[in-house]
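Taken together, the values in this text are just the output of simple stated rules run on the coordinates, not laboratory data. Remember, predicted model here, so these are calculated numbers, not experimental data. Cβ: placed from backbone, ideal geometry, glycine included. Neighbour counts: every protein chain shown.
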């Protein structure tokens, strides 16, 4: 089964990427894989403190994932899977794509602020010519109605 890989983070545009991935998966008989990456700098503390922070980060990710997963199951009939990795985001995204041959499309949400589309979109579009799959970039300000129309 072809999977849509979408990155879970705290950005506003993440919501549209999740919606798009779920709607496309529902319409094409695919799946959704949600990847959360915990940056290593979050744990540069003493061993005990770093381990507690790592566990808390995982718990936050799972809680965040469950909100999206419930919507995907209830509204789109798609049961997403969660993958949590630790490291720098872009290398971990590429490693996940390499580790899971069923990933067929990477879905990213583009920010709309003055900072540009966001670091993931910027870096991965820079590398897009060498990526092993297509990248779909979903505008952060796209309405739900427009998302439904194009998916």
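Report, in cubic angstrom per residue, the convex hull volume of the C-alpha atoms of region 55-106. Intermediate results must be reported in sequence, preceding the final value.
Values: hull volume 4.7 nm³, N = 52.
Spread over its residues, the Cα hull of region 55-106 gives 90 Å³ apiece.
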TODO: Would you order 82, 131 from fewest to most other beta-carbon atoms within 10 Å of each residue's own beta-carbon?
DONE: 131, 82
Task: For the chain, projected area of the alpha-carbon convex hull averaged over all directions, nm² - done: 9.2 nm²
- [ ] For residue 62 paired with residue 85, estimate the spin-label separation in nm (one decimal), with each label point 7 Å from Cα along the Cα-to-Cβ line.
- [x] 2.1 nm
Task: Between region 24-39 and region 93-125, the alpha-carbon center distance in angstrom - done: 12 Å
